[in-house]
Amino acid sequence: MNVLFTNVRIIDGTGAAPFAGEVLVQGNRVARVAHGGRLPPMAGVMVIDGAGATLMPGMTEAHTHFAWNNAATLDGIQLMPLEEHVLWTAGVAKTYLDHGWTSCVGAATAKPRLDVVVRNAINDGLIPGPRYLAASQEITVAGALGDDTLPHLPFPEFSFGQVVSGPEEMRKCVRMFLKYDVDSIKLNLSGDNFVPGAPAKTAWMSDEEVAIAVRETKLRDKRVSVHARSCESVKQALRHGCEVIYHASYSDDEALDMLEAQKEKIFVAPGLSVIVRLLYEGSEWGIDRKKATAMGYEEELEAVEKSLRAMHKRGVRVLPGGDYGFAWARHGENAKDLQYLVKYAGMTPMEALLSATKHGGEIMMKSDELGQLREGFLADILLVDGDPLADLSILANRDKLLAIMKDGVFHKEPELRASRTRWSLPAA
Ligand SMILES: [Zn+2]
């Protein structure tokens, strides 16, 4: 189908100021981006009169967990039986598209093949969902985030992650996930204030384990992403060539220098939702301000803000997304991250928007054809009621997304309005 968006205000995702114009989609690509006036009338084109609405690239979520089930504990996710879990995960994929996320980067799943199966179902057209890079489970070590076995219940099935010990077990585990055809391997390098016994500032994996994981992964041309809150874990990730760094809360000057030195290669997604929500809105989940502070969230928020502002100044790509799918930050609320990036990373609204669009195309490994409204680029497009640059919260409200297009096909078609024409079928 060919579609002409006319009478729209275009934010093209290049960083250019918004401009009035028209965008023509032919097949699954953007065929024309025109400033101002009208393209000559064309036969066989669906014309959508945007009535001044904003047209922008679809957004990319850089740290997605389709399999998280909005539970308040890791157990609540892990103990969901497989059959229900598959259906849940497939449903979540649609939720992301419903909220304007046309691409998502899997950051870990809860059972070995969940992410892969859902990605394949999306690609096969079996279920609706964003473009998706499927992740492994979290790979961890004894006692660290993701090891949930108990002394009297040493069953790996209870664990959120896959627990390995030593390079050979790591190699075996990584190869298993690569066999299952994941797009990325996830390593838990640091602890996390959410779990007792492994706080955020600690590091857990040996260099030998990380090195072999990265080597095996790169042999297959895949990517390693890491849970890295502590300073040492950020440095460890960079020493070994891990490309996607999640959290990076505690980054000292040396870590910042290392991040900057690799800024063309790496991506940082802080995943602020857990910290921000538990610190300010956790009471409902049994974590009041006092408890959240005792868990270290106040201190971590201060640290991550400092780290992010420094990274952003140094030109490190910081992306939205992260750890939605818990009770306090449910799937679909992800666009609040754009406001967090303004507040905590010091971005302008335009920079926050670019982090979700232009940089999104880059982290999806399609920088030459995704994340911008440019001729020849893939047609992942949002028609937005209002100006997101004046108010980023618009993007967190799915009702403001008048149309959602992925790969040239409407996931959400603009509604026909009687009084104000937003939509019309032209003469054939
Ligand atoms: Zn996560």
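The values are calculated or read from the model by the stated rules, or taken from the named source; none is laboratory data. Remember, predicted model here, so these are calculated numbers, not experimental data. Glycine gets a Cβ as well: all are built from the backbone with ideal geometry, and neighbour counts include every protein chain shown. Surface accessibility is based on the protein's heavy atoms, side chains included, excluding ligands, DNA and RNA. Shrake-Rupley method; radii C 1.70, N 1.55, O 1.52, S 1.80 Å.
Annotations
- What the Cβ-Cβ distance of D387 and E302 gives, at R0 = 22 Å and to the nearest 0.05, is a FRET efficiency of 0.10.
- One chain, two ends: E333 and F19. Fully extended at 0.36 nm per residue, the span grows by 110.2 nm beyond their Cα-Cα distance.
- Computed with a 1.4 Å probe over protein heavy atoms only, the accessible surface of the stretch 194-325 comes to 40 Å² per residue.
- Seen from V224, the other residues with C-beta closer than 13 Å to its C-beta sum to a net charge of +2, counting Lys and Arg as +1 and Asp and Glu as -1.
- Carbon and sulfur %, accessible surface of the chain computed with the full protein complex present, 1.4 Å: 53
- The separation of the stretch 335-349 from the stretch 143-157, counted between C-alpha centres, amounts to 36 Å.
- K172-Q26 pseudo-label distance in nm [points 7 Å out on the Cα-to-Cβ vector]: 5.6
- FRET E, pair M1, K94, Förster distance 22 Å, beta-carbon r, rounded to 0.05: 0.60
- Placed amide H near Q137: partners under 5 Å, 5+ positions off or other chain: T109
- Helix 297-313 axis versus longest C-alpha principal axis of the chain: approximately 50°, rounded to the nearest ten.
- The packing ranking of peptides 73-79, 337-343, highest mean first, is 337-343, 73-79, where packing means the average number of other beta carbon atoms within 10 angstrom of each residue.
- Accessible surface of E264 - all protein chains present, 1.4 Å probe, nearest 10 Å²: 150
- Note on E264 and M365: their simple-model spin labels are 1.9 nm apart, each label 7 Å out from Cα toward Cβ.
- Axis of helix 231-240 versus longest Cα principal axis of the chain: the two differ by about 70°, to the nearest ten degrees.
- Heavy atoms of W204 accessible to a 1.4 Å probe, total area in Å² rounded to 10: 80
- GNM remark for the chain: springs join alpha carbons under 10 Å apart, and the peak mean-square fluctuation among H99, H152, H312 falls on H152.
- Spin-label model, D221/E413: points 7 Å from Cα along the beta carbon direction are separated by 3.8 nm.
- For the residue pairs K343/K406; K94/K186; K94/K400; K94/K235; K201/K263; K94/K306, alpha carbon separations beyond 25 Å are given by K343/K406; K94/K235; K94/K306.
- At the residue level, K218 shows approximately 80 square angstrom of accessible surface with a 1.4 angstrom probe and all protein chains present.
- These residues, R215, R317, go from largest to smallest accessible area, 1.4 Å probe, as R215, R317.
- Measuring between their Cα centroids, the stretch 237-285 and the stretch 47-111 lie 21 Å from each other.
- Ellipticity estimate at 222 nm from DSSP helix runs (n ≥ 4, -39,500 (n - 2.57)) divided over the chain, nearest 500: -9000 deg cm²/dmol
- Cα-based helix-to-principal-axis angle, 82-98 vs the chain, degrees rounded to 10: 40
- Accessible area per residue, Å², the stretch 128-189 with all protein chains present, probe 1.4 Å: 41
- Integer Hz, Karplus 6.51/-1.76/1.60 couplings in order for the stretch 388-393, x for Gly and Pro: x, 6, 7, 8, 5, 5
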